[in-house]
1. Rounded to the nearest 0.05, what FRET efficiency do ARG5 and ALA123 give with R0 = 45 Å and r taken as the Cβ-Cβ distance? Could you check?
2. Plugging the Kirkwood radius over Cα pairs into Stokes-Einstein for segment 150-217, at a temperature of 10 °C and a viscosity of 1.306 mPa s, what D comes out in µm²/s?
3. Highest first, please rank the peptides 144-150, 173-179, 206-212 by the mean number of other Cβ atoms sitting within 10 Å of their residues.
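Values quoted throughout were computed directly from the atomic coordinates according to the rules given, and no laboratory measurement underlies them. Everything numeric here is computed off the predicted structure, so don't read it as measured data. Glycine also receives a Cβ, built like all others from the backbone with ideal geometry; neighbour counts cover every protein chain displayed.
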Amino acid sequence: MPSRRATTWMGWLFVIGSACFVLGVPMSINTSWAPTVGAATFFIGALFFTAASSVQLKLAWRSGHDGESLSTLQALLSRAPAWTSSWIQWIGTLFFIGTTLAALIDFAGVEAVSNQVIWRPDAVGSALFLVSSAIALMPDVRRHRHGHARDRSWSISTFNMVGSIFFGVSAIGAYVVPDSNEVLNASWANGGTLLGAVCFLVGSWLVIPRPTDRQIA
């Protein structure tokens, strides 16, 4: 079972990353904020997401189906769902780093404008988050990740799954229509990002170990 310290770090990193995405949306559509501030907030959130996902990947790295230690080659070839879900999510966070960094560069020095979509979610990253969340609903994954909080396990997985769906909606809304060069639906893009981030925030908060949870190393 994952250690309490590592699980706590992972949970808080996800909480901070999610909070940055929650804050980034109103910063994007409020004319009192420069676009660069909103773009930077999304980028920082993506960095925290990747850091948290890296911890989760490390926790799942050499854990077999029954918790046995695997060799490097066995781990790489493992089909254990907890490992599969973790590396898919980790790759998804890398795509988010790329798109948030691109947005930050694009909006550097741009004057504030109204109702713009500062961060245009990457479709590949959103799809990877959705696949990872779907795998994470499996009992084996929930037992591995949430063994310390079995009473909250379904809630954690469900919030993450719904958050991934909202991020997918955001990616669709942010699609740039070739003829007009405008996003398909700014409300979907901003609303999906906001609601998805809120779901991730709640799920992350629930995964942080409590004093009354089962003892873990």
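1. Values: r = 35 Å, r/R0 = 0.79.
E(calc), rounded to 0.05, equals 0.80.
2. Numbers: Rh = 13.4 Å.
Result for D is 118 µm²/s.
3. Numbers: 144-150: 20.1, 173-179: 13.3, 206-212: 15.0.
Highest to lowest by the protection proxy: 144-150, 206-212, 173-179.
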